[in-house]
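Student: One structure, pasted below without further comment.
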Amino acid sequence: MKSSAEYSNSGENKLDNKADLHTHTSHSDGFLSPSELIQKARETGLEILGITDHDSVNAIEESIEVGKGLGVEVVPGVELSSAIDGREIHILGYFIDFSNKTLLEHLAFSRGERLKRAERIVEKLNNINIPLKLDTVLEKAGSGAVGRPHIANALFDEGLTGSYVEAFSKYIGYGGPAYEKKHSLSPEETITLIASAGGLSFLAHPGKYTTEMVLQRLIKSGLDGIEVVHPSHTPEKVRHYHDIVNQYFLLESGGSDFHGGKRNDDGALGSYNVPTAWVQEMKERLF
Ligand code: AMP
Ligand code: ZN
Ligand code: FE
Ligand code: FE
């Protein structure tokens with residue numbers, strides 16, 4: 001068993017930690033195109049990069065191609081939002097077959113639901129006299145899966161909030177006056193969907209909002225691993241989830257959840273690296 005002292009979540013970049021398994025591109029709410037992200041990963045010294053867009057695998061093919069040229073191995077991934085009683089639980093799918101028909105149908109459906117939710121959020125904002133236009137939001141999203149970060153960007157750029165973060169705290173965050181739920185599967189259905197596409201399911205950033213009870217429920221439902229390293233995790237949480245992984249013979253993953261743009265998380269890429277051996281362990285679990 002590895003000890004948690006072999007890696008850190010403190011921004012320190014250990015020599016053998018050359019993998020970042022949680023990043024977003026412009027195909028969801030990330031700022032960089034797949035090519036730009038791979039280039040940046042290379043410059044940061046990463047050897048393995050997980051591409052985990054929300055509800056989209058459209059960045060994967062380009063990423064793999066560009067990665068081959070630059071010597072960055074791409075782990076095909078996706079981040080799916082599931083929910084229990086209206087509270088979100090994000091599940092990462094790794095090594096999914098990104099041409100799997102059932103998966104692609106689900107992703108297309110979820111993106112459609114995201115668009116409908118964006119419409120409802122803009123309507124709610126308009127009802128409280130915030131004059132945001134849907135088109136301004138859709139311009140930000142381009143062809144990517146539209147999400148609240150695009151709405152936050154639009155609100156800020158239109159001078160309707162003082163900052164990106166304020167858009168969440170004042171209007172569109174959980175419990176806010178323009179908050180709207182997303183369509184979500186249950187976490188169990190999400191784990192099944194990922195398995196049916198040949199992938200491994202990991203609970204994303206559990207330290208943010210997952211209770212121990214929910215975690216136990218997911219482990220019983222066939223969860224393959226836990227995202228141990230994440231910017232939202234204190235070193236104590238990293239150790240805690242590392243211990244749970246060992247206790248239940250699960251796998252571990254981690255990464256920066258890098259998005260770029262107005263989040264000011266430019267330093268994150270390369271600061272939450274994990275051992276490349278973790279990816280090897282995933283591959284061994286698959287075959
Ligand atoms: P969505 O998938 O559309 O619900 O958007 C989720 C994204 O919004 C995630 O990437 C979060 O990091 C971001 N987000 C959610 N709540 C907040 C918040 N209170 N402040 C800043 N970003 C947030
Ligand atoms: Zn995101
Ligand atoms: Fe997430
Ligand atoms: Fe994410």
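The values are calculated or read from the model by the stated rules, or taken from the named source; none is laboratory data. For clarity, every value in this text was computed on a predicted model and none was experimentally measured. Heads up, the Cβs are rebuilt from the backbone with ideal geometry, glycines too, and the neighbour counts pull from every protein chain shown. These area figures cover heavy atoms from the full protein model, side chains too; ligands, DNA and RNA do not enter into them. Shrake-Rupley method; radii C 1.70, N 1.55, O 1.52, S 1.80 Å.
Student: If you average 1/r over all unlike Cα pairs in segment 52-208 and invert the result, what Kirkwood radius do you get in angstrom?
Tutor: With all distinct Cα pairs of segment 52-208 included, I get 16.7 Å.
Student: Here's another thing I want to ask about it. Would you mind computing the Rg to Rh ratio of segment 195-287 from its alpha-carbon coordinates, Kirkwood style for Rh? Could you put the intermediate results ahead of the total?
Tutor: Numbers: Rg = 13.7 Å, Rh = 14.0 Å.
That ratio equals 0.98.
Student: Subtracting the Cα-Cα distance from 0.36 nm times the residue separation, let me have the gained length for residue 139 to residue 239 in nm, one decimal.
Tutor: Residue separation times 0.36 nm, minus the Cα-Cα distance, leaves 31.9 nm.
Student: Same structure again: Between residue 264 and residue 281, what is the label-point separation in nm under the 7 Å Cα-to-beta-carbon projection?
Tutor: Label at residue 281, label at residue 264, 3.5 nm between them.
Student: Can you give the FRET efficiency for residue 85 and residue 43, using 1/(1 + (r/R0)^6), R0 = 51 Å, r = Cβ-Cβ distance, to the nearest 0.05? Provide the component values of the computation, followed by the final result.
Tutor: Numbers: r = 43 Å, r/R0 = 0.83.
The calculated FRET efficiency here is 0.75.
Student: Another question, if that's okay. Dipole of the chain, Cα-centred, from +1 at each Lys and Arg C-beta and -1 at each Asp and Glu C-beta, to the nearest 20 debye?
Tutor: Roughly 580 debye, rounded to the nearest 20.
Student: Quote the relative contact order of the chain in percent (integer), defining contacts as alpha-carbon pairs under 8 Å separated by 6+ residues.
Tutor: 26
Student: While we're on this one: Give me the Kirkwood hydrodynamic radius of segment 108-172, using the inverse of the mean 1/r over all pairs of distinct Cα atoms, in Å to one decimal.
Tutor: This gives a value of 11.6 Å.
Student: Taking the square root of 5 times each eigenvalue of the Cα gyration tensor, what semi-axes in Å does the equivalent ellipsoid of segment 141-187 have, largest first?
Tutor: 20, 15, 7
Student: What order, most packed first, do the peptides 66-78, 46-58, 208-220 have when packing is the mean number of other Cβ atoms within 10 Å of each residue?
Tutor: 46-58, 66-78, 208-220
Student: Now for a different question. Assuming 0.36 nm per residue, please report the length gained on full extension of the stretch residue 116 to residue 61 beyond their Cα-Cα distance.
Tutor: Stretched out fully, the residue 116 to residue 61 stretch lengthens by 17.1 nm.
Student: So, one more: Please find the FRET efficiency linking residue 109 to residue 221, where r is the Cβ-Cβ separation and R0 is fixed at 35 Å, and quote it to the nearest 0.05.
Tutor: The value I calculate is 0.95.
Student: Can you tell me the length gained on complete extension of the stretch residue 212 to residue 246, counting 0.36 nm per residue apart and subtracting the Cα distance?
Tutor: Gain on extension, residue 212 to residue 246, equals 10.7 nm.
Student: Additional query: Which part of segment 179-221 falls in the paramagnetic zone of residue 101, meaning amide N under 16 Å from the point 7 Å along Cα-to-beta-carbon?
Tutor: Only 196-198 pass the distance filter.
Student: Sticking with this one: How high is the FRET efficiency between residue 129 and residue 157 when r is their beta carbon distance and R₀ equals 22 Å, given to the nearest 0.05?
Tutor: Approximately 0.75, to the nearest 0.05.
Student: Please give, to one decimal in nm, the separation of the simple spin-label points placed at residue 165 and residue 181, each 7 Å out from Cα toward the Cβ.
Tutor: 2.9
Student: Assuming 0.692 mPa s and 37 °C, estimate D for the chain with Stokes-Einstein, Rh taken as the Kirkwood radius over Cα pairs, in µm²/s.
Tutor: On the way: Rh = 19.1 Å.
Rounded, D is 172 µm²/s.
Student: Now for a different question. Ignoring ligands and nucleic acids, what accessible area does residue 185 show with a 1.4 Å probe (Å², nearest 10)?
Tutor: 40
Student: Could you tell me which of the pairs 40/124; 220/283; 101/133; 116/237; 133/237 are separated by over 31 angstrom between their Cα atoms in the structure shown?
Tutor: Going by Cα-Cα distance, 40/124; 101/133; 116/237; 133/237 fall outside the 31 Å limit.
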